[in-house]
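Novice: Provided herewith is a single structure, encoded as structure tokens, for subsequent inquiry.
The values are calculated or read from the model by the stated rules, or taken from the named source; none is laboratory data. Computed from a predicted model, the values in this text were never measured in an experiment. Backbone-built Cβ (ideal geometry, glycine too); neighbour counts: all protein chains shown.
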């Protein structure tokens, strides 16, 4: 421990050449590497050019006072320990300097044994502070790495769930990816925050995972579903939320999965919620804003994206629509099934030639 400290570099700052010479010689004999400066400005130049572990700093000097130099040292070189040295014993001054950042306050003439003890303690404290900070930085990095691994594992689990659904229902092959791509494109068109776009991406991949609990006979039925069969299909929204709840703590993602079949006019499922129930006389824009307070923009974007992909994909009961026909259906559903703002965003994307 002391062997490492005795290799420390110490800057002695005093306007008296005799004091600098005596302190430098005595400390060098004890193994310290010493630099000297006659005033504050010279000391700051040396600190800028060389790394110093500790400064012995006189208070009363021509030009910048020791107090002023101390403040600059702690601001620019916080890892440098400082011990103040003065010929005047004043408790209030000592307390003030300690508050600024000085480790100790010593009265001239300084006894060598007392000085060495103070140096050892100051350097030990400096070492511990630096080690603790480095440990914290290392720990933060380890936490970041672990968080990244956990997130990747989570994403892998999500992908596996999506693949499990596609393996069960051949007609939904690629559906989750397409819905995700469309929903993310809409979110970016609406300039939603990056954190929300990431949530939409996860919810898009998982929005139909509840269909794992629906029998394949119903999922792949080529004809019209009976009321009872349709109720089973509708249950996938709530079932998906229940499946994901143990592994997904984010409430917004779960809400997107649950609400992606809700309708703007309140006739959707599973909850039948509607913005119009709250503000019947509001304009379409106001309704959209109130609706957004019930369903996140992600859920609304997923609803439009899901419908668009469903219309433009082959189904057991009908062939795929053209993009033009699907857009016409979306326009008809504005303000009824779909949020007008979301539909308009998707139509803008398509008009720009965006391939979805």
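Novice: Do you know which residues across the range 24-40 are surrounded by 13 or more Cβ atoms within 10 Å (Cβ to Cβ) and over 17 Å from residue 122 (Cα atoms)?
Specialist: If the condition is that a residue be surrounded by 13 or more Cβ atoms within 10 Å (Cβ to Cβ) and over 17 Å from residue 122 (Cα atoms), then 24, 26, 35, 36, 37, 38, 39, 40 are the ones that fit.
For every residue, the table says whether it meets (1) farther than 17 Å from residue 206 by Cβ; (2) assigned to a loop (DSSP other than H, G, I, E, B); (3) modelled with pLDDT of 80 or more.
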{"residue": "299", "(1), (2), (3)": "no, no, no"}
{"residue": "303", "(1), (2), (3)": "no, no, no"}
{"residue": "309", "(1), (2), (3)": "no, no, no"}
{"residue": "321", "(1), (2), (3)": "yes, yes, no"}
{"residue": "324", "(1), (2), (3)": "yes, no, yes"}
{"residue": "327", "(1), (2), (3)": "yes, no, yes"}
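Novice: Follow-up question, since we're still on this one. Looking only at helices (runs of 4 or more DSSP H) that fall completely inside the range 17-88, which ones have 2 or more residues that are farther than 13 Å from residue 119 by Cα and in contact with a helix residue (DSSP H, G or I) (Cβ under 9 Å, 6 or more places away or on another chain)?
Specialist: The qualifying helices (runs of 4 or more DSSP H) are 40-49, 66-76.
Novice: If you don't mind, another one. Return yes when residue 336 is in contact (Cβ under 8 Å) with a residue 40 or more places away in the chain and out of contact with any helix residue (DSSP H, G or I) (no Cβ under 8 Å at 6 or more places or on another chain) and no when it is not.
Specialist: Against the criterion (in contact (Cβ under 8 Å) with a residue 40 or more places away in the chain and out of contact with any helix residue (DSSP H, G or I) (no Cβ under 8 Å at 6 or more places or on another chain)), residue 336 qualifies.
Novice: Follow-up question, since we're still on this one. Quick one: in the range 10-23, of everything that is over 49 Å from the mean Cα position of the chain (by Cα) and surrounded by 15 or more Cβ atoms within 10 Å (Cβ to Cβ), which residue is nearest to residue 120 (Cα to Cα)?
Specialist: 23
Novice: Does residue 184 satisfy the criteria of being modelled with pLDDT of 85 or more, closer than 30 Å to residue 233 by Cα and in the same structural domain as residue 304 (by TED's automatic domain parsing)?
Specialist: In short, yes.
Every residue, every condition in (1) in contact (Cβ under 8 Å) with a residue 12 or more places away in the chain; (2) under 21 Å from residue 330 (Cβ atoms); (3) touching a strand residue (DSSP E or B) at 6+ places or on another chain (Cβ under 6 Å), yes or no:
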{"position": "185", "(1), (2), (3)": "yes, yes, no"}
{"position": "196", "(1), (2), (3)": "yes, no, no"}
{"position": "207", "(1), (2), (3)": "yes, yes, no"}
{"position": "217", "(1), (2), (3)": "no, no, no"}
{"position": "237", "(1), (2), (3)": "yes, yes, no"}
{"position": "240", "(1), (2), (3)": "yes, no, no"}
{"position": "245", "(1), (2), (3)": "no, no, no"}
{"position": "258", "(1), (2), (3)": "yes, no, no"}
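Novice: Would you mind stating whether residue 52 is touching a residue at least 24 places away in the same chain (Cβ under 8 Å) and within 47 Å of the chain's Cα centre (by Cα)?
Specialist: Judged against the criteria, residue 52 is a match.
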